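**Student:** I am attaching a structure below and will ask some questions about it afterwards.
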2 protein chains.
Amino acid sequence: MRYKITLAYTGTHFSGWQVQPGQRTVQGSLEESLSRICAQPVRVQAAGRTDAGVHALGQVVHCDLPKKRAAVPWQRALNSMLPADMTVTGVEAVDQKFHARSSALAKAYTYTLCLRPDFVLPQRRPFVWWTGPLDQDKMMAGAGILTGKTDFCSFMNVGTPVRSTVRDLFAISFARGIFAEELVCTFWADGFLKQMVRNLVAGLVAVGRGRLSRKELLEILESRDRGAAPATAPASGLCLQEVRY
Amino acid sequence: MRYKITLAYTGTHFSGWQVQPGQRTVQGSLEESLSRICAQPVRVQAAGRTDAGVHALGQVVHCDLPKKRAAVPWQRALNSMLPADMTVTGVEAVDQKFHARSSALAKAYTYTLCLRPDFVLPQRRPFVWWTGPLDQDKMMAGAGILTGKTDFCSFMNVGTPVRSTVRDLFAISFARGIFAEELVCTFWADGFLKQMVRNLVAGLVAVGRGRLSRKELLEILESRDRGAAPATAPASGLCLQEVRY
């Protein structure tokens, strides 16, 4: 029986999503708990393989669980076994054709910036990139250049083979965070390349700091050259917010 | 020269405020940084000695720093040395008579409860007590019994000698937290006994769960017997919010 499991986690103390020998990973922790309950190895497939330090509020995975375990109260059973920095927020039985990654129609990532000039609260440090003040008008104008269906090769880090580097970036929206002087940038797209959001944020922050003009940002996008774009923004600000099917 | 330093910290990985041999404490970390900058031992005095796991957004300390260091940009210098889970949010020179604890007119602690029935987000777990649903009307009525100038002996844990166990609890207010299904209880008083807020919260939560009536809560208060009151609430929900002078 196929299940869709929705997960929240604080990425700070995980070596990212994907199982790696000798490392504490989100996938590893989830598979370990599922395998223990099922008394057989269980593998899960995620909508997005988040990097070390990246958080999630709405990560989605699918997995096939044995029919003889159909009566297990999965959410409660998993949450009683999982480490404190990850939680199952929902479990539902789905059609056998459901695939967490390839069935996804759209994904949203948020990236939170702390604009305070003087300090960042320790309570917020693991969840933000502390940039200090930024020109938000310039950033919004820059975001307009980046949205649309285009080749995001300049904003992709190498490491994961992909068939195409074209993605449809539906929208970049900006909102005040729930904590003082935080700016939350939300990215909706049909899919994201490796570290694409962090690379786009690095570009937008450079624009917001006045170090990069809108014209230069457009030139970077059109160059299809990763070397032309600013260095990847920190993992801490990033959160996989939602996956739509 | 006397200074007033305001501090924020995440208490999760500290063994509380007070210096203890071989333990990682907030006071110890602050004194170490100050002593290093001053090249001489510096001691600080806090408004409230928070326990292990208790957070602060507005802890206040005073200390005397050598005149020859008057040009040091204290906030920046300290924040460059302090660990990531504590931050100096303000520094000001004050009168020699200023005393962080005894000059305080009022202090506010917040205690955050997570009312979700199904799960607590890992991002929020270090900052809340996950109680599940509570009857907030009953809790507000209970809070009315606890406020006022009275002997809070029933809600004090032993360990710190005090002259009097009478405190003036100005107000207990309830507000929705910034995260979904969180209830923030704010306690304003002229001072607090050891673990008083956590013991009051334990009483209010018992009322909110229907395990304790308002009448029984009043009896506990009047009994002046610590043994009569519910066990202390977890440290994680507590935060030293503000100290007024």
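**Student:** Limiting things to C-alpha atoms, what are the Rg and the maximum Cα-Cα separation (Dmax) for the protein assembly as shown, in angstroms?
**Tutor:** Computed over the Cα atoms of the protein assembly as shown, radius of gyration and Dmax are 25.5, 77 Å.
**Student:** For the pairing of chain A with chain B, what total accessible surface becomes buried, with a 1.4 angstrom probe, in square angstrom to the nearest 100?
**Tutor:** 1700
**Student:** While we're here: Add +1 for every Lys or Arg and -1 for every Asp or Glu among the other residues with Cβ under 11 Å from the Cβ of A:Gln45, and state the total.
**Tutor:** Details: positive: A:Arg2, A:Lys4, A:Arg43, A:Arg49, A:Arg101; negative: A:Glu31, A:Asp64.
Counting the neighbours of A:Gln45, the net charge comes to +3.
**Student:** Sticking with this structure for a sec: Take the solvent-accessible surface of the protein heavy atoms, probe 1.4 Å, and return the percent of it on the protein assembly as shown that carbon and sulfur atoms account for.
**Tutor:** Here it works out to 50 percent.
**Student:** Another question, then. Grab the DSSP H runs of the protein assembly as shown that are 4 residues or longer, score each as -39,500 (n - 2.57), total them, divide by all residues and round the 222 nm result to the nearest 500 deg cm²/dmol.
**Tutor:** It comes out at -7000 deg cm²/dmol, rounded to the nearest 500.
**Student:** Additional query: Rounding to the nearest 20 debye, state how big the charge dipole of the protein assembly as shown is about its Cα centre with +1 on each Lys and Arg Cβ and -1 on each Asp and Glu Cβ.
**Tutor:** Rounded to the nearest 20 debye, it is 520 debye.
**Student:** Output, in nm with one decimal and in ascending order, the distances from the A:Glu219 label point to the matching label points of the other copies (7 Å from Cα along Cα-to-Cβ).
**Tutor:** 8.0
**Student:** How big is the dipole moment of segment B:1-62 about its Cα centre under a simple scheme where the beta carbon of each Lys and Arg is +1, that of each Asp and Glu is -1, and everything else is neutral? Debye, nearest 20, please.
**Tutor:** 160
**Student:** Another question, if that's okay. Tell me the net charge near B:Arg214. Cut-off is 14 Å between Cβ atoms, B:Arg214 excluded, with +1 for each Lys or Arg and -1 for each Asp or Glu.
**Tutor:** So the environment of B:Arg214 carries a net charge of -1.
**Student:** Next question. Would you work out which of A:Cys239, A:Gln195, A:Gly22 lies farthest towards the positive end of the dipole of chain A, given +1 charges on the beta-carbon of Lys and Arg and -1 on that of Asp and Glu, about the Cα centre?
**Tutor:** The one lying farthest along the dipole's positive direction is A:Gly22.
**Student:** When Lys and Arg each count +1 and Asp and Glu each count -1, what net charge do the other residues less than 12 Å away from A:Ala202, Cβ to Cβ, add up to?
**Tutor:** +4
**Student:** With the convex hull built on the Cα atoms of segment A:106-244, state its orientation-averaged projected area in nm².
**Tutor:** Computing the convex hull of the Cα atoms and averaging its projections yields 8.0 nm².
**Student:** Evaluate the charge dipole of chain B about its Cα centre and quote only its size in Debye, nearest 20, assuming +1 on the Cβ of each Lys and Arg and -1 on the Cβ of each Asp and Glu.
**Tutor:** Details: 30 positive and 20 negative charges, 123 e Å.
That gives a dipole near 600 debye.
**Student:** Report Rg/Rh for segment B:2-94, rounded to two decimals, where Rg is the Cα radius of gyration and Rh the Kirkwood radius.
**Tutor:** 0.93
**Student:** Would you work out which of B:Leu57, B:Gln96, B:Ile145 lies farthest towards the positive end of the dipole of segment B:1-149, given +1 charges on the beta-carbon of Lys and Arg and -1 on that of Asp and Glu, about the Cα centre?
**Tutor:** B:Gln96
**Student:** Hey, which residue of A has the C-beta nearest the axis mapping A onto B, and what's the distance in Å?
**Tutor:** Measuring from each Cβ to the axis, the minimum is at A:Ile178, 2.
**Student:** If you don't mind, there's one more thing I want to ask. Send over a whole-number figure in Å² for the accessible area per residue of chain A, probe 1.4 Å.
**Tutor:** 44
**Student:** Any residues in segment B:168-186 that have 50 Å² or more less accessible area with all protein chains than in their chain alone, probe 1.4 Å, and which are they?
**Tutor:** Relative to the lone chain, where solvent access is computed with a 1.4 Å probe, segment B:168-186 loses at least 50 Å² at B:Ile178.
**Student:** Just in segment B:41-142: which trypsin sites (Lys or Arg not before Pro) are loop by DSSP and have at most 10 other Cβ atoms within 10 Å?
**Tutor:** Passing sites in segment B:41-142 are B:Lys97.
The values are calculated or read from the model by the stated rules, or taken from the named source; none is laboratory data. As the structure is a prediction and not an experimental result, all values here were calculated from the model. Neighbour counts run over all protein chains shown; Cβ positions are idealised from the backbone, glycine included. SASA here: full protein model, heavy atoms, side chains in, ligands and nucleic acids out. Shrake-Rupley method; radii C 1.70, N 1.55, O 1.52, S 1.80 Å.
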